[in-house]
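Here is the structure we will look at, set down as structure tokens.
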Amino acid sequence: MAGQSVASIARHLNERGVPCPSSADPDRNRHRTRGAWTLRTVAVILANPRYTGRQTWNRRTTDTSSPASTPALSAKAAHLALVTEQDFIDAQQIRAARPASDGRARWFALAGLIHCGVCDRRLDSHWNHGRATYRCRHGYNSTQCAGQSRPKTLYVHEDELVDQVHSRLGDQVDGSAKLKPDQTRSKRIATALRDSGQFIVYDSAGWRLQEIDSS
């Protein structure tokens, strides 16, 4: 929120000698072998809603065959909050603004709100042909063999999805007292989803809304 990048945060932590999770608590971080802060570690912490005091479940799951694998957030605080919910939301909005090669920020209003209906991962924000787009490569990355069997990459354009969601929930979205009149339709949809505790599940067959299980 002070304007530092993820890289500069990691660098400053290393320069100050602050122990990274794998150094401070190796028993709980056996999947991490490095002894220094990395971009990935900082990014995961910034995106973890548990620091707002709410309990979370299934943020990292390999079993996606049952409803129990759906990411969930408790309705009430379960422990002491380290950051306010507003600060957490503001940080997610800052991270959703991706700088392009021309220096302009690219905003992804639905970042973190779309889950893959195939593998249950959150879709990545991706700028494609001048449009905000979201995609899921189902865990594929460049370290894997290109010929490895995996589902086809899933793509959805933000403007098309927003139009469809607004068509179904128009009155509910426009009638929310928490929405600001000057917000774009995409931001209004995003605000309404967060306020109602819902996220979008998307696959090749279409989309549906799903409520966060806070029981």
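The values are calculated or read from the model by the stated rules, or taken from the named source; none is laboratory data. Computed from a predicted model, the values in this text were never measured in an experiment. Positions of Cβ are backbone-derived with ideal geometry, glycine not excepted, and every protein chain shown enters the neighbour counts.
General remarks:
- Considering residues of the stretch 151-167 that are outside any helix (DSSP H, G or I) and surrounded by fewer than 14 Cβ atoms within 10 Å (Cβ to Cβ) only, the residue farthest from the chain's Cα centre (by Cα): 152
- Enumeration of residues in the stretch 184-206 that are in contact with a helix residue (DSSP H, G or I) (Cβ under 7 Å, 6 or more places away or on another chain) and modelled with pLDDT under 85: 185, 188, 192
- Residue ranges of helices (runs of 4 or more DSSP H) in the stretch 1-75 with at least 3 members modelled with pLDDT of 65 or more and closer than 23 Å to residue 121 by Cα: 39-46
- Evaluation of residue 209 against (1) assigned to a strand (DSSP E or B); (2) modelled with pLDDT of 90 or more; (3) touching a Ser or Thr at 6+ places or on another chain (Cβ under 7 Å) (one fails), failing number: (3)
- Residue satisfying all of: in the stretch 185-203; touching a residue at least 60 places away in the same chain (Cβ under 8 Å) and not in a helix (DSSP H, G or I); farthest from residue 119 (Cα to Cα) among these: 197
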